[in-house]
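The values are calculated or read from the model by the stated rules, or taken from the named source; none is laboratory data. Just so it is clear, the structure is predicted and the values come from calculations on it, not from any experiment. So basically every Cβ, Gly included, is an ideal-geometry build from the backbone, and we count neighbours across all protein chains shown.
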Amino acid sequence: MGIQKPRGTQDLLPNVIGNWRYVEDKIRRICAAYGFDEIRTPMFEETGLFLRGIGETTDVVQKEMYSFPTGDKKEQTYTLRPENTASAVRAYLENKVYGQESLTKWFYIGPMFRHDKPQAGRYRQFHQFGVEVLGTQAPATDAEVILMVLQLFNDFGLQDLSVQVNSVGCPNCRPAYREKLIAFFEPKKDQLCPDCQERLYKNPLRILDCKEETCKALSVGAPEIHENLCQECSDHFDQLQKFLTAANVNYVVNPRLVRGLDYYTKTAFEVQYAPLGSQSAVAGGGRYDGLVEELDGPHTPAVGFAMGIERLLLTLEKQGLLPETTVDPSVFVVALGDAAQVEGFKLVNDLHKAYIKAAMDGDGKSMKSQLKHANKINAKYVIILGDDELARGEAIIRDMESSEQETVAFTDVLARVTSLVKG
Ligand code: HAM
């Protein structure tokens, strides 16, 4: 075969679009209930946004960005967005939204791009549904966004998902913890995997959630973040747990949950579905109290999450929860003879105007081949127009399931079919 789609991308053909619509409809419904408004930001941004926003030492920035020249200024590049939090904050600042409202609640659905090794559940173009709340440091809001993820999963009937929460501290307490980790891992540096050897001085917290068995073994006994949080972070984390417990959330505290993006402060969380294997995180998020300032805005505490829609669909499929595809009842007009073709054409047009799915075969084929066509497209009703019927001012309506037929006056066909289809 000649040209193929890029590695790690998918063609979504009509047979799966129904599943996407199903998921997106539920997402929009829940966003309305929780008071989130939709935003759509560009699919590419200045590269500097992600360098500053996500962090230069992260895997996403170091290995996974698709960057290309802007074509305007030499040296200046754009990058296909690898995530949408940095873009949302850029839009929040650029549009001075902070001056217009004290609390901003946004959601988005759209494609993101990461140049990673494709595998089941990991794509180079994937889709996220995400939410961002800007303007509050209340731990109840962190709990609320976690509850929102869980309610959505619950709406789908999903089971066996695990909620993991952690606190990754803040610029007050993390530097000292970082130093402790470096001191702990330094003597074992040579045994760490090549990635973690690089992370040791740049991002030692990431060693804690390395998936390599050797690194896992080497990190046994590493200093724990919870013993190194400042009072404010510690209190915030206690409060978050209080709210989660009050809402009967079955969560696990995972001190090794370190998210792959640098902007997180305090709360970090993930919702995982273990059968998805190494790509088990269906949703992840947390608090990012410093990001708005990092991008030159006013101090604005914020929290959010994003969910991978492909992973959500994989999870729904594994649990047999994808909806049955339903097809709108359709009408096929069989027209025999020149005059019938013209009347049939007008009738199909009237049916379209009434938002009824209707078609005809304009090639003037035989009755048999037109009925075959009607069967092929699963038409529920067929309207038969022959020159003889027309001469009598009549048409035949046939129910294709029961094979019952009725003859109606041509002037009544539209009303009769409309009432049959719409019930
Ligand atoms: P993230 O953990 O990088 O967080 O991505 C969130 C979710 O996107 C993951 O849990 C996963 O379901 C999905 N995902 C990520 N990469 C891929 C991929 N290559 N293929 C398929 N699915 C993928 C963020 O992006 C943050 N912006 C979330 C956030 C919002 N934090 C605060 N606000």
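Observations on the model:
- Taken as a whole, the condition of being part of a loop (DSSP other than H, G, I, E, B), of a type in the set (S, T, N, Q) and assigned by the TED database to the domain that holds residue 79 applies to residue 41.
Condition check ((1) in the same structural domain as residue 299 (by the TED database); (2) of a type in the set (D, E, K, R); (3) in contact with a helix residue (DSSP H, G or I) (Cβ under 9 Å, 6 or more places away or on another chain)) across all residues:
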site: 165; (1), (2), (3): yes, no, yes
site: 168; (1), (2), (3): yes, no, yes
site: 181; (1), (2), (3): no, no, yes
site: 185; (1), (2), (3): no, no, yes
site: 188; (1), (2), (3): no, yes, yes
site: 196; (1), (2), (3): no, no, yes
site: 212; (1), (2), (3): no, yes, yes
site: 218; (1), (2), (3): no, no, yes
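- The combined condition, being of a type outside the set (Gly, Ala, Ser), surrounded by 13 or more Cβ atoms within 10 Å (Cβ to Cβ), out of contact with any His (no Cβ under 6 Å at 6 or more places or on another chain) and without any contact (Cβ under 8 Å) to a residue 12 or more places away in the chain, is not fulfilled by residue 188.
- Among the conditions (1) farther than 30 Å from residue 140 by Cα; (2) touching a Lys or Arg at 6+ places or on another chain (Cβ under 6 Å), residue 13 misses just one, which is (2).
- Taking region 353-373 as the range and being closer than 18 Å to residue 414 by Cα and touching a residue at least 12 places away in the same chain (Cβ under 8 Å) as the test, the residues that pass are 354, 356, 357, 358, 359, 360.
- Condition check for residue 220: part of a loop (DSSP other than H, G, I, E, B) and surrounded by fewer than 19 Cβ atoms within 10 Å (Cβ to Cβ): yes
- Some residue of region 394-409 being modelled with pLDDT under 95 and buried (at least 19 other Cβ atoms within 10 Å of the Cβ): no
- Among the residues making up region 257-292, those that are part of a loop (DSSP other than H, G, I, E, B), near the ligand (Cβ under 8 Å from one of its atoms) and either free of Cβ contacts under 8 Å to residues at least 12 places away in the same chain or under 20 Å from residue 148 (Cα atoms) (or both) are 259, 264, 288.
- Unmet requirement for residue 203, which otherwise passes all of (1) touching a Ser or Thr at 6+ places or on another chain (Cβ under 8 Å); (2) assigned by the TED database to the domain that holds residue 58: (2)
- Selection count, region 67-102, where residues are of a type outside the set (Gly, Ala, Ser) and exposed (fewer than 11 other Cβ atoms within 10 Å of the Cβ): 7
- In region 293-309, the residues that are part of a strand (DSSP E or B) reach residues that are of a type in the set (Asp, Glu) with C-beta atoms within less than 7 angstrom, at least six apart or across chains, in these pairs: 302/132; 302/289; 303/142; 304/132; 306/83.
- For region 281-295, the count of residues that are in the same structural domain as residue 157 (by the TED database), closer than 30 Å to residue 190 by Cα and either surrounded by fewer than 18 Cβ atoms within 10 Å (Cβ to Cβ) or not charged (D, E, K, R) (or both) is at least one.
- Selected residue (only one of 50, 36 is closer than 20 Å to residue 263 by Cα and under 21 Å from the mean Cα position of the chain (by Cα)): 50
- Some residue of region 102-120 being of a type outside the set (Phe, Trp, Tyr) and more than 14 Å from the ligand (Cβ to nearest atom): yes
- Residue 314 falls short of the stated requirement of being more than 8 Å from the ligand (Cβ to nearest atom) and either modelled with pLDDT under 95 or crowded, with 19+ Cβ neighbours inside 10 Å (or both).
- Qualifying residue in region 59-66 (condition: in a helix (DSSP H, G or I) and free of Cβ contacts under 8 Å to residues at least 40 places away in the same chain): yes
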